[in-house]
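Enquirer: The structure that follows is given in the form of structure tokens.
Throughout, read-outs are computed from the coordinates displayed, never taken from laboratory work. The model shown is predicted, which means the values in this text are computed figures rather than measured ones. Cβ placement follows ideal geometry from the backbone for every residue including glycine, while neighbour counts extend to all protein chains displayed.
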Amino acid sequence: MISSLITRQPFFCIAGVWRPAIDGWPESFAALTTEAYPDLAPYKDRHVAVIHEDEWYDWLQMSRPAEQMLRPFPPGSFRVSGVGRRAATADLFDR
């Protein structure tokens, strides 16, 4: 399954966390996941969390609680294709 956010922007932002190197452990980061959005729920139970365009700055500045920004997108926000077959480059988040 391949999904894409329907947007006028040339890109979208996913929620992630970052940690600086500490005591010999390298810098690290992770993408956060959330309950699948309505367009994706028929195909999977979780999906990488996408930050709404009007909240990009708040996410980066940590000016609001994350729980307020990790909210679902309304139905019709994602285009879904490739259902019923695995793409050559499998979605790493499905594993």
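Enquirer: In nm, give the distance between the simple-model label positions of Trp56 and Ala30, each being 7 Å from the Cα along the Cα-to-Cβ direction.
Expert: 2.6
Enquirer: Here's something else I'd like to know. Kindly write out, for the stretch 51-62 in residue order, the coupling ³J(HN,Hα) from the Karplus curve 6.51 cos²θ - 1.76 cosθ + 1.60 (θ = phi - 60°), rounded to whole Hz, with x marking Gly and Pro.
Expert: With the stated coefficients, the stretch 51-62 comes to 8, 4, 3, 6, 10, 4, 4, 4, 5, 5, 8, 6 Hz.
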